[in-house]
Amino acid sequence: MSGGAIEAALAVEREVAAPAPRRAGIRLGSAQALDRLAPLVGLAGLLALWFAGGLVLESVPAYAAFAGFAPGPALASFWDLIASGEAWRAAAPSLARIGQGLAVAFLLGAPLGLLVGSAPLAERILQPPFQLLRMISPLAWMPVAVLAFPSWDGAIVFLIAAAAIWPILFATAAGVKRVDPVWLAMARNLGAGRLAALRAVIVPAVLQDILTGLRLALGVAWIVLVPAEYLGVTSGLGYAINDARDTLSYDRLAALVLLIGLLGYALDSLLGRLADRARWIPAT
């Protein structure tokens, strides 16, 4: 092959190969854009299903009384809730009860989880009763809560704590079991006692598990909240839902359901971000 032919072949190869990095960059950018848009696609699909359900409610005479669940009336009522401040007035008591119930569950569940995860004998003793209690519906404790607490708020906080304690406890125990024994051995070699090792190694190592358990506990507590607030309280999201149902205000009921979903999603996202940032890597 002559020198000119070789140079021409090399030039063609360079022209073909040159766009490759650019094409790879375009593919990477497209994948990143699709990854960012994926949650919006899911929400758009949910909204489309809602609109389709609304069309069914509006077009079928048998369901005409429930037309308030359609997106148009529900979103208009949701805006009224926000503009009038009723959304905050309904949500504030519920958020306070959720916060108190989760605090009680955390203060009981995290230490018990540390104990169960670090002491095999304690685990063998406590695992059966804990598993039995975990399988009891929190709402089954409602009559006991009403009798045991002097206020409705106290009973609701108890029900939330009874639902939320188990994810925190078992997630913490599972995290303790996964702690690398080498870290504990190094702590002992450096003169750390049990409490020092707990503070310096175990708690930082299982913090992500604790927050993950707290996130799961939030989901369970958020589900229990609304039926728990059907008790004698006159405030909160559950009370507002019950009131809208009794007055047949289905557009307001749908708006409150949307509010509950948005608040729960925001709280779950916050705890998820905290758990992602809690990953602990010991200094070497």
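The values are calculated or read from the model by the stated rules, or taken from the named source; none is laboratory data. Quantities reported herein were computed from a predicted structural model and do not represent experimental measurements. Methodologically, a virtual Cβ is constructed for each residue, glycine included, from the backbone with ideal geometry; neighbour enumeration extends over all protein chains shown. Calculation scope for accessible area: heavy atoms of the full protein, side chains included, ligands and nucleic acids excluded. Shrake-Rupley method; radii C 1.70, N 1.55, O 1.52, S 1.80 Å.
Per-structure values
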{"read-out": "Whole-number D in µm² s⁻¹ for region 32-105, Kirkwood Cα-pair radius fed into Stokes-Einstein, 37 °C, 0.692 mPa s", "value": "214"}
{"read-out": "Length added when fully stretched, A76-L40, from 0.36 nm per residue minus Cα-Cα", "value": "10.8 nm"}
{"read-out": "Residue-by-residue Karplus 3J(HN,Hα) for region 226-239, coefficients 6.51, -1.76, 1.60, Hz, glycine and proline x", "value": "4, x, 5, 7, 6, 5, x, 6, 10, 8, x, 5, x, 4"}
{"read-out": "Using a Förster distance of 35 Å, the FRET efficiency for I125-L47 (Cβ separation, nearest 0.05)", "value": "0.10"}
{"read-out": "Cα→Cβ-extended label distance, 7 Å offset, between D268 and D180, nm", "value": "3.3"}
{"read-out": "For region 111-210, size of Cβ-based charge dipole, Lys and Arg +1, Asp and Glu -1, in debye", "value": "320"}
{"read-out": "Accessible-area ranking of S137, S59, S77, largest first, probe 1.4 Å", "value": "S59, S137, S77"}
{"read-out": "Region 111-174 versus region 58-97: alpha-carbon centroid distance in Å", "value": "34"}
{"read-out": "Region 136-284 - charge dipole about Cα centre, Lys and Arg +1 at Cβ, Asp and Glu -1, debye rounded to 20", "value": "800"}
{"read-out": "Dipole axis of region 37-188 (+1 Lys, Arg; -1 Asp, Glu on Cβ), positive-most option in P111, V56, V144", "value": "P111"}
{"read-out": "Residue-by-residue Karplus 3J(HN,Hα) for region 169-176, coefficients 6.51, -1.76, 1.60, Hz, glycine and proline x", "value": "4, 6, 5, 5, 4, 5, x, 4"}
{"read-out": "FRET efficiency, R89 to V146 (Cβ-Cβ, R0 22 Å, nearest 0.05)", "value": "0.30"}
